[in-house]
Amino acid sequence: MDIRHQLPLEFTQTAPKEDGTVPFTLKARTSDPIEFFGYKLVHDFAGMTHKERIGIDLQHDPEKLVGFGDKIELTDGTLYIEGAFTPVDTSPYIQDMLDKLALNVPYEASIQTQFEDEGVQFIKEGTVAANGREYAASAESPVILFSKWELRACAVCARGADGDTATTLSLSDEDLTKFRGKLDAMRTLAAPEPEPEPEPQPDPEPEPEPEPQPTTLASLDEKLSKLADAFDKLAQDMAKRPPGGQATAPGEPAPETTRYSWQK
């Protein structure tokens, strides 16, 4: 079973390294119980396991890895994770997180754990001992004790279950200035190159108007012949109708028509 708890986180940082990574220390989990819908969630550190290196992501999004933790220690009943943010990836979400941390914007944390059913105890009354202290349980406020569990990852997030936490950067003014300069350089590398403006194209030349064709005697003769045919047809049509609009009686000869013709 996989479970994620938003927990207190404290953040300290030394100067950025030459390779661009930013070392950190996370105060990832205290021995205090987490109030969760009437239950008290307790992680017994004696039953915790973990890999040599765990991922540090943003808001529990596995697609947004921001670094790694490679030193996991318990000090005075508190879980600390040391590692490095890796802003060699110029993704905007990494730049945004580091920008806010550099401006002392408070971030908290959320651990991601995995456990089996036999590693969970449900206590409704009495007390249970873990982490060098005792936790009181009752029917109104039972204790859920994770006695065997694996620390899978830790996420940087905006708000955890414990509101009395803070995330700060511990950088000198000189180191902070250098760090912000590196962030600006990363943004410059990540910014897409502007597309070159298209070169102005000359206006297309207008198509030349067709040259007028000279009128020849042959073409004029053809036009006048067509005009004479049209007049001849009109005269025949008019001859079929005498004045007054009466048609020619059957058997009567049609009046003579005048033929218009063109003589060359």
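Assorted remarks:
- Heavy-atom accessible area per residue - segment 36-146, 1.4 Å, Å²: 52 Å²
- Relative contact order for segment 69-127, counting Cα pairs under 8 Å that sit 6 or more residues apart, in percent: 17 percent
- Based on the Kirkwood approach, the hydrodynamic radius assigned to segment 58-119 is 13.9 Å, with every pair of different Cα atoms included.
- Extension gain from Phe231 to Asp99, taking 0.36 nm per residue of separation minus the Cα-Cα distance: 38.0 nm
- Applying 1/(1 + (r/R0)^6) with R0 = 30 Å to the Cβ-Cβ distance of Thr75 and Ala158 gives a FRET efficiency near 0.70.
- At R0 = 22 Å, FRET efficiency that the Cβ-Cβ distance of Ala136 and Ala46 yields, to 0.05: 0.65
- Distance violations [Cα-Cα > 28 Å] among Lys27/Lys51; Lys64/Lys100; Lys100/Lys148; Lys51/Lys124: Lys100/Lys148; Lys51/Lys124
- Qualifying chymotrypsin sites (Phe, Trp or Tyr not before Pro) in segment 15-114, DSSP loop, other Cβ atoms within 10 Å at most 16: Phe37
The values are calculated or read from the model by the stated rules, or taken from the named source; none is laboratory data. Not measured: the values here are computed from a predicted model. All Cβ positions, glycine included, derive from the backbone under ideal geometry; neighbour counts span all protein chains shown. Note: areas computed on protein heavy atoms with side chains; ligands, DNA, RNA excluded. Shrake-Rupley method; radii C 1.70, N 1.55, O 1.52, S 1.80 Å.
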